[in-house]
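Trainee: Okay, here's the structure, questions in a sec.
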Amino acid sequence: MSFEIDLVLKLLKDHNINPTSEPENLPIPEIGRLDETEEIYPVNLRDFYEDDDEEELLSPILDELERVITSNEGPNRRIYHSEDRDEYPCAWYQPIHYFGRNWGIFIRQECLEHAILDIATYIDWKAIYPKKLKLYQCFKVLRQCAFYELYFHEQFHHKVESFGLRLLVSNGRDNYRYYKSKVYRPTFGTDDCLEEGLANAEIFQRINESRYKQRLQPNIISGFKNYLGDTIRGAPPGYRTGVNYLSEAAYKIGLGTLQSQMFGVSLLPTKVASHWQVATHMTRSLADITSNIWVIIPQMGRPIISSSAIDPRGTISTNKVTSTLTKFYNFSVVKGAGKGSHVKLKDQNGRTVVLSGNRYALIEKELKDAIEAVSGQRSLQLLDDFLSGKLTKV
């Protein structure tokens with residue numbers, strides 16, 4: 001059965017759980033925020049595997065990657081060091097319990113670029129480049145690895161929420177939010193935060209699956225695992241404990257302990273962790289998360305991946321429509337009305353336009369709403385005139 005967000009939202013509503021687009025006082029401190037210089041670029045999972053247009057994606061990172069590859073004398077000689085990766089979240093998962101339809105995985109492109117170059121220093125390129133892979137092909141496989149690192153970690157948080165939803169169905173208790181407030185939040189930033197350690201161990205578990213492993217050459221897999229080992233060992237408290245759960249047996253014990261923590265809403269639960277191995281698949285993802293993936297890029301920046309989630313005929317951003325309405329049609333941004341997730345604009349006659357905030361590409365409905373607010377007509381054929389300020393305002 002496919003994942004249906006409407007059924008999940010009804011389940012939550014029936015138990016007096018009401019998510020909002022901008023929840024306050026979250027017990028999840030690692031949730032990131034966007035500032036005015038960033039945009040959200042939607043992607044699908046398959047975009048990281050399928051062929052894309054090399055010419056569209058050429059960027060300075062290829063020059064830097066070539067320098068790293070050609071100067072690397074062998075695996076584990078790290079010559080590139082990304083900076084400030086711990087000062088802001090590179091990725092985060094927005095749970096349905098708190099964000100409703102705004103749930104999903106968010107990944108900063110800057111962090112993908114840093115990881116691409118970091119991972120490259122762990123790989124013995126002599127047997128690969130340029131004999132088997134050209135530079136752009138190296139970039140693509142490294143981009144897959146960088147994505148795996150962040151995506152699998154955040155997908156694990158969705159698995160934890162999926163377990164919470166199953167508990168809500170079976171026992172009627174809001175175990176997930178109680179666990180986040182009573183166990184996760186008090187231990188975050190310490191080695192007692194089991195969920196973050198397991199989320200890092202999850203990366204190792206997943207890349208060993210054949211469906212992912214077969215996409216990468218053995219030399220790449222070996223270097224990537226060495227990189228992950230060093231990265232996890234050097235991670236902050238909680239995250240670094242992932243090295244304790246790299247074996248399948250240790251991972252199962254850790255996962256059972258986490259399930260018992262949520263079931264009993266206690267850091268030291270009484271329920272035996274191994275019992276959960278009888279109730280298999282309780283933490284299986286409710287959603288495959290092949291979509292609801294968002295890459296955060298600088299405004300006017302170039303994505304390093306082509307997206308099948310947006311209209312290939314062109315993209316119109318939140319920033320572009322906002323500036324068009326204020327520059328040409330006397331609309332003003334209503335301060336504080338959108339709280340970051342939306343932008344609300346109003347003209348002197350009270351006409352209102354609401355746009356999704358920080359979007360690299362607005363959906364068709366929002367473009368039509370903006371055009372209608374100016375001209376009274378809902379037609380994308382007027383889009384060029386709208387953007388150039390040529391529409392007659394009604």
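Trainee: What FRET efficiency comes out for the pair GLN217/LYS320, r = Cβ-Cβ distance, R0 = 51 Å, nearest 0.05?
Mentor: Details: r = 41 Å, r/R0 = 0.81.
About 0.80, to the nearest 0.05.
Trainee: Can you give the Rg/Rh ratio of region 237-278, where Rg is from the C-alpha atoms and Rh is the Kirkwood radius?
Mentor: Rounded to two decimals, Rg over Rh is 0.99.
Trainee: Work through the residues other than GLU161 whose Cβ is under 13 Å from its Cβ and net out their charges, Lys, Arg +1 and Asp, Glu -1. Provide the component values of the computation, followed by the final result.
Mentor: Values: positive: LYS159, ARG166, ARG177, LYS180, ARG284; negative: GLU154, ASP174, GLU195.
Residues close to GLU161 contribute a combined charge of +2.
Trainee: Still on this model: Calculate the length of the line joining the C-alpha centroid of region 359-379 to that of region 163-212, in whole Å.
Mentor: So the separation of the two Cα centres works out to 40 Å.
Trainee: Roughly how many nanometres apart are two label points built 7 Å out from the Cα toward the Cβ at ASP192 and GLN137?
Mentor: My value for the distance between the label points is 5.2 nm.
Trainee: Turning to a different aspect of this structure: Given 20 °C and 1.002 mPa s, how large is the Stokes-Einstein diffusion coefficient of the chain in µm²/s, with Rh as the Kirkwood radius over Cα pairs?
Mentor: Reported coefficient: 93 µm²/s.
Trainee: With contacts defined as alpha carbon pairs under 8 Å and 6 or more residues apart, what's the relative contact order of region 310-387 in percent? List each step's numbers first, then the result.
Mentor: Working: 105 pairs, mean separation 21.3, N = 78.
Taking the mean separation of contacting Cα pairs over the length of region 310-387, I get 27 percent.
Trainee: Moving to a separate point now. Relative contact order, percent, of region 154-311 when contacts are C-alpha pairs under 8 Å separated by at least 6 residues? Walk me through the numbers on the way to the answer.
Mentor: Numbers: 151 pairs, mean separation 46.3, N = 158.
The normalised contact order for region 154-311 reaches 29 percent.
Trainee: Just the Kirkwood number for region 136-229, please: inverse of mean 1/r across all distinct Cα pairs, in Å, one decimal.
Mentor: 15.1 Å
Trainee: Contour minus end-to-end for HIS281 and LEU62, with contour as 0.36 nm per residue of separation and end-to-end as the Cα-Cα distance?
Mentor: Fully extending the segment from HIS281 to LEU62 adds 74.7 nm.
Trainee: Could you please report the charge total around ASP192, scoring K, R as +1 and D, E as -1 over all other residues with beta-carbon less than 15 angstrom from its beta-carbon?
Mentor: Taking every Cβ under 15 Å from that of ASP192, the sum is +1.
Trainee: State the Kirkwood hydrodynamic radius of region 94-189 in Å, one decimal place, computed from all pairs of distinct Cα atoms.
Mentor: Values: mean 1/r = 0.0617 Å⁻¹.
One decimal place: 16.2 Å for the Kirkwood radius.
Trainee: Calculate for the chain the 222 nm mean residue ellipticity that helices alone would give, adding -39,500 (n - 2.57) per DSSP H run of length 4 or more and normalising by residue count, nearest 500 deg cm²/dmol.
Mentor: Rounded to the nearest 500, the figure is -12500 deg cm²/dmol.
Trainee: I've got another one for you. At each listed q (0.17, 0.22, 0.27 Å⁻¹), what is the log10 of I(q)/I(0) that the Debye formula gives for region 310-387 modelled as equal alpha-carbon point scatterers?
Mentor: Rounded to two decimals, the profile gives -0.59, -1.00, -1.49.
Trainee: Sticking with this structure for a sec: Under the Cβ-under-4.7 Å rule, which cysteines of the chain stay unpaired?
Mentor: For the chain, the answer is CYS138, CYS145, CYS193, because their Cβ atoms have no other cysteine Cβ under 4.7 Å.
Trainee: Now for a separate question. With a cut-off of 8 Å between alpha carbons and a minimum separation of six or more residues, what is the relative contact order of the chain in percent?
Mentor: In percent, rounded to a whole number, it is 22.
Trainee: Okay, moving on. Please compute the length gained on full extension between GLN377 and GLN348, using 0.36 nm multiplied by the number of residues separating them and subtracting their Cα-Cα distance.
Mentor: Between GLN377 and GLN348, full extension yields an extra 8.5 nm.
Trainee: Diagonalise the Cα gyration tensor of region 248-394 and give the resulting equivalent ellipsoid semi-axes, square root of 5 times each eigenvalue, largest first, whole Å.
Mentor: 48, 18, 13
Trainee: What's the exposure ranking of SER356, SER379, going from fewest to most Cβ atoms within 10 Å?
Mentor: SER379, SER356
Trainee: Further, regarding this structure: Can you sort PHE328, PHE48 so the residue with the fewest Cβ neighbours within 10 Å comes first?
Mentor: Ascending Cβ contact count within 10 Å gives the list PHE328, PHE48.
Trainee: Have a look at the DSSP beta bridges in the chain and tell me what percent are antiparallel, nearest 5.
Mentor: 75 percent
Trainee: Sequence gap of 8 or more, or different chains, plus Cα separation below 18 Å: how many lysine pairs satisfy both in region 5-293?
Mentor: Lysine pair count for region 5-293: 12.
Trainee: Could you calculate the contour length gain from MET300 to SER274, that is, 0.36 nm times the residue separation minus the distance between their Cα atoms, to one decimal place in nm?
Mentor: 4.3 nm
Trainee: Counting just the Cα atoms, what span does region 202-282 cover along each of its three principal axes? Round to the nearest Å and put the largest first.
Mentor: 44, 29, 15
Trainee: Hey, another quick one. If neighbour count is taken as other Cβ atoms inside 10 Å, put LEU112, LEU167 in order from fewest to most.
Mentor: Listing LEU112, LEU167 from fewest to most nearby Cβ atoms yields LEU167, LEU112.
Each reported figure results from applying straightforward, stated rules to the coordinates on display, with no laboratory input. A quick note: this is a predicted structure, and the numbers were derived from the prediction, not measured. When we count neighbours, we look across all protein chains shown, and the Cβ atoms used for this are built from the backbone with ideal geometry, even at glycine.
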